[in-house]
Amino acid sequence: MRKTLSMILVAAVASGLALTSCVDESSIPDRVIVVGSGLAGHAAAYSALESGATVLWIEKNAELGGSTAIATGTFSAAGTELQKAKGISDSVELFKEDLNRIGKGKADQELLGLYATKAAEVWEWFVAHGLQPSPQSPLIDPMHSPYSIARTYTPAKNSAAEYCKVLLAEMARYEDRLTVMKSTAATELIAYRGRVVGVKTSGEGGTKDQYGKAVILATGGFGSNFDMIAKRLPKYAQLRSVTMPHASGDGIWMAEKVGAQLVHMDYLVGYFGAIAEEGTKRTGFGSLTSGFAERWKGDVWLSLEGKRFVDEDGFDEDPRETALDAIPEQTAVIVFDQAAIDRNGGKLPIRNFQQWLEKGYGVKKADSMEDLAKAFGLPVDAVMKTVAQVNENAASGRDPQFGKADNYPLSTPPYYGVKSYGTIFMTQGGIKTNARLEAVSTSGAVIPGLYAAGEVQGTAQWGGLGYAGGSGNTPPLVFGFEAGRNAAALTVEK
Ligand SMILES: Cc1cc2nc3c(=O)[nH]c(=O)nc-3n(C[C@H](O)[C@H](O)[C@H](O)COP(=O)(O)OP(=O)(O)OC[C@H]3O[C@@H](n4cnc5c(N)ncnc54)[C@H](O)[C@@H]3O)c2cc1C
């Protein structure tokens, strides 16, 4: 029997993974396997096809699209035609500076550089291929830490799915080289002689081994894997999540098993803030209180220790996210009085306020601040000390602790409280890659044949410890394109 046809034990990659199965070397086809079909998977599949590769595209959901089913469509890029048309002068250097300021200099500089350098090219590609930008583009995204310049764009229909539509339409040209397997989950990477050569899959047709010269993991984050969060990031066990159920981190754990290095796995951003039904960690956009916090004047945020922890009204979202990270359970109780409701024109602070109040879980009402504190199980003495300080700030017009500009007393009953949890939109830890999007092992070596693109890399890897507008959508697209191109160009000696 020829050596290439002999059944060869699958060897471990850099980590010394245990021998697991046999591979017929000659049966490894010269194709690229893309796992996952969100923004990164779409971009990777398209660019691998466009570069001449044959592609097997595997998706565990019944439909393609991943998080684009719920994500809005912001995209950030410097030096675009839209900026020039509006007389906005921008540069990649300024973009990098802003990303580093917002990310506190903690991003991988090669990946951050690739993101900032390639984003405009990718945006222009979408526009040239039919994406309709909104007339407001470019703008300064008000939801996140602001860039120094308007460089965030949205499609006219503000959904991330708009990018997938363009990519799918373009992929139609390469139908003969594309196989799509939906409702099929990749369960394990197959490693052979120090390389990754395929994935094991489980789907309607049972379990199978699928081989290729390269595997691109575009499987997204782990924001819905609450067991894994509790186990690996216990500090964040109380965070709620708006991510889709598929966000279970499969690609991250599969890569870890073949020796991939994981980065930023101790960091998870809880965006302010969700009200969740009792006993569940899942929540939806409609239950977020952050819009209320931006528009309201006079609400006070208390930690579970009964203390204020931030300037509630600050324009920049980042100090709030950083402060939330530091308080117990990343959970706050937002309190206000009847005067605050009156001051805000009688407008109620959150959607479905009355229903929440009736449920008596997320929203509570009391005739005194003492009773409100008790209702939420907050330490009454600490709360009353905070209220006294809030009232003193209102009288002096100054907030010596956090510098809040508009200070109002908490003194007009009834009093209300909203229990607000930090909320996961995307996860920050993931598979370490180099700027070719090749996965890197715990020893720092490239794992041949394995690529990762998108949230599976962890957003902190390209964005650092902070979140800049468009930095959830843009890198999966930019890096997906790069990974597809690089994987297609890979040559393997057999
Ligand atoms: C509600 C919401 C709003 C957002 N809004 C914005 C925004 O306005 N701007 C912004 O920049 N970012 C935003 N984000 C973040 C951004 O959308 C995501 O970071 C981005 O979509 C991630 O893309 P992805 O391709 O890496 O992963 P995903 O879109 O999550 O795709 C992963 C895919 O892999 C599949 N998969 C997973 N495991 C397996 C497996 N074992 N086998 C086969 N397939 C598998 C999944 O089913 C899924 O289809 C938002 C996120 C949410 C949740």
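Data overview
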read-out: From the options Glu188, Glu124, residue that is open to solvent by 30 Å² or more (accessible area, probe 1.4 Å), within 11 Å of the ligand (Cβ to nearest atom) and of a type in the set (Asp, Glu); value: Glu188
read-out: Failed item, numbered, when Asn225 is tested on (1) at pLDDT 95 or above; (2) farther than 25 Å from Ala487 by Cβ; (3) in contact with a helix residue (DSSP H, G or I) (Cβ under 6 Å, 6 or more places away or on another chain); (4) within 11 Å of the ligand (Cβ to nearest atom); value: (3)
read-out: Ser148, sole failed condition from (1) small (Gly, Ala, Ser); (2) surrounded by 20 or more Cβ atoms within 10 Å (Cβ to Cβ); (3) more than 11 Å from the ligand (Cβ to nearest atom); value: (2)
read-out: Boolean, Thr201 is in the same structural domain as Ala120 (by TED's automatic domain parsing), within 12 Å of the ligand (Cβ to nearest atom), open to solvent by less than 30 Å² (accessible area, probe 1.4 Å) and among the β-branched types (Val, Ile, Thr); value: yes
read-out: Considering residues of region 236-255 that are in contact (Cβ under 8 Å) with a residue 60 or more places away in the chain and assigned to a helix (DSSP H, G or I) only, the residue nearest to the ligand (Cβ to nearest atom); value: Asp250
read-out: Answer residue from region 477-494, given it is of a type outside the set (Val, Ile, Thr) and open to solvent by less than 10 Å² (accessible area, probe 1.4 Å) and is farthest from the ligand (Cβ to nearest atom) among those; value: Ala487
read-out: Condition met for Leu39 (within 13 Å of the ligand (Cβ to nearest atom), closer than 25 Å to Leu217 by Cα, open to solvent by less than 40 Å² (accessible area, probe 1.4 Å) and not hydroxyl-bearing (Ser, Thr, Tyr)); value: yes
read-out: All positions within region 46-85 that are away from the ligand (no atom under 14 Å from the Cβ) and within 30 Å of Ile149 (Cα to Cα); value: Ala78, Gly79, Thr80, Glu81, Leu82, Gln83, Lys84, Ala85
read-out: Single residue of Thr117, Thr80, Thr74 found to be in the same structural domain as Asp141 (by TED's automatic domain parsing), within 16 Å of Met426 (Cβ to Cβ) and of a type outside the set (Gly, Ala, Ser); value: Thr74
read-out: Where a residue in region 201-213 is more than 17 Å from Ser27 (Cβ to Cβ) and its partner, wherever it lies, is surrounded by fewer than 16 Cβ atoms within 10 Å (Cβ to Cβ), with Cβ under 6 Å and at least six apart; value: Ser202/Thr187; Gly203/Ser183; Glu204/Ser183
read-out: Qualifying residue in region 164-177 (condition: surrounded by fewer than 17 Cβ atoms within 10 Å (Cβ to Cβ), in the same structural domain as Ser47 (by TED's automatic domain parsing) and in a strand (DSSP E or B)); value: no
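The values are calculated or read from the model by the stated rules, or taken from the named source; none is laboratory data. What you see is a predicted model; the values in this text were computed from it and never measured. So basically every Cβ, Gly included, is an ideal-geometry build from the backbone, and we count neighbours across all protein chains shown. Surface accessibility is based on the protein's heavy atoms, side chains included, excluding ligands, DNA and RNA. Shrake-Rupley method; radii C 1.70, N 1.55, O 1.52, S 1.80 Å.
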